[in-house]
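Data block below; observations after.
Just so you know, all these numbers are worked out from the coordinates, no wet-lab data involved. On a predicted model such as this, the values are computed, not experimentally measured, just so you know. Counting neighbours? That spans all protein chains shown, and the Cβs are built from the backbone with ideal geometry, glycine included.
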Amino acid sequence: MAIAYTILGVLLLAIVIAIVAAWRVMVWMPGRKPRRNAMPPLSDREQQVREWLETDLRALAEEIGERHLQGRYSQLIDATALFERTLTDAGYAFQRQEFDVDGRRVWNVETSLPGSADAAPSLVIGAHYDTVPGSPGANDNGSAVVAGLALARLLADSRPRHTIRFVFFVNEESPYYMTEAMGSLRSAESMRDRGESLMGMIALETIGCYLDAAGSQRYPVRWLGYLYPTTGNFVAVVGNVRSRRFVRQIVRGLRRAAFPCEGMAAPRFLKDIFRSDHAAFWHCGYPALMITDTANFRYRHYHTPQDTVDKIDFDQLARLVVALESTVRDLTRCE
């Protein structure tokens with residue numbers, strides 16, 4: 001009997017150690033969590049960003065609207081013209097990564113801030129610009145696209161040590177996800193094939209919804225609600241276990257900038273962690289993560305005709321962009 005109790009004790013200890021180790025690897029994140037209700041009024045810089053965001057999103061989601069290959073091809077092309085014009089006005093030179101899908105020419109739009117250190121790994125910041133049929137895509141993924149454009153504007157005069165690449169991807173939505181028609185997969189494969197070293201890739205994905213109501217945040221599996229908040233007033237920084245160092249760097253930066261965020265280096269069996277362009281970079285062996293408001297786990301207008309500009313929390317989105325600016329400057333050692 002004593003031997004049985006000893007074995008049981010050892011097993012229980014092993015289970016506890018395994019749970020603590022898993023929590024340390026996947027859930028623990030650095031930095032102090034800021035509170036949404038302690039947010040100050042927008043600074044002058046944040047107010048400027050807010051104006052950019054709203055102007056660009058109205059152009060993208062209202063004037064252009066749905067943008068996809070299932071009957072809205074011209075709108076898909078119009079969206080790229082908006083990005084290219086905005087980047088040019090900010091002083092960037094852009095390039096297209098063009099390819100054909102079902103007999104039609106589509107492309108990613110890319111620009112970069114060259115780093116001063118030739119051998120230093122690059123940082124990629126990306127967002128997909130297509131929508132599902134039937135939705136104007138203000139939050140999915142217009143919020144992320146205009147945030148990427150605003151971030152590029154803020155960093156335009158910077159001199160980073162590490163190259164910063166901004167990429168706007170075509171064809172993230174079904175039926176193109178993780179096929180050769182997916183823009184981010186084309187981009188990641190191109191970087192891999194030319195041997196480019198990356199510190200990581202940030203996919204901005206559906207980042208415009210913030211709710212203060214109790215119970216407004218849901219999760220793909222119930223037990224995550226015991227580890228993370230059930231009020232949807234934060235962004236989630238989601239990576240895989242191999243990207244955990246990069247996830248922690250981003251969480252630390254956002255929390256240092258006083259933006260509410262939660263992070264997870266998630267196991268592969270949580271299939272929802274693959275739902276954006278970062279998964280294409282995982283496929284090519286790069287560290288990558290998604291910054292998201294968690295989409296349908298918070299935002300009830302996800303993939304519907306009601307995904308419109310009036311649903312976007314522009315104040316909080318502006319705060320996120322400025323917090324990302326600070327985080328990116330630290331990561332890439334901007335002068």
J(HN,Hα) series, the range 219-235, from Karplus relation 6.51 cos²θ - 1.76 cosθ + 1.60, nearest Hz, glycine and proline x: 9, x, 10, 4, 5, 5, x, 8, 9, 10, x, 9, 10, x, 10, 9, 9
0 to 90° range, to nearest 10: angle between helix 2-26 axis and the chain longest Cα axis: 20
Per-q log10 I(q)/I(0), the chain, q = 0.06, 0.12, 0.15 Å⁻¹ (Debye; single scatterer per alpha-carbon; no solvent): -0.21, -0.79, -1.27
nm² value of the averaged projected area, convex hull over the Cα atoms of the range 184-251: 6.0
Whole-Hz ³J(HN,Hα) from phi, Karplus 6.51 cos²θ - 1.76 cosθ + 1.60, for the range 148-158, glycine and proline x: x, 5, 5, 5, 4, 4, 4, 9, 4, 9, 7
Those residues of the range 297-323 whose amide nitrogen sits under 19 Å from the label point placed on Ala90, 7 Å along Cα→Cβ: 314-323
Top of Val124, Val101, Val221 by mean-square fluctuation, Gaussian network on the chain, Cα under 10 Å: Val221
Gln306-Asp212 pseudo-label distance in nm [points 7 Å out on the Cα-to-Cβ vector]: 2.2
For Ala266, residues with placed amide H under 5 Å, excluding near neighbours: Gly239, Asn240, Val241
Förster radius 30 Å - calculated FRET efficiency between Arg32 and Glu335, Cβ distance, rounded to 0.05: 0.65
Cα long-axis angle, helix 44-57 against the chain (0 to 90 degrees, to the nearest 10): 70
Length added when fully stretched, Ser190-Gln70, from 0.36 nm per residue minus Cα-Cα: 40.6 nm
Karplus (6.51, -1.76, 1.60) ³J(HN,Hα), θ = phi - 60°, over the range 245-256, in Hz, Gly and Pro reported as x: 5, 5, 4, 5, 4, 6, 4, 4, x, 5, 5, 4
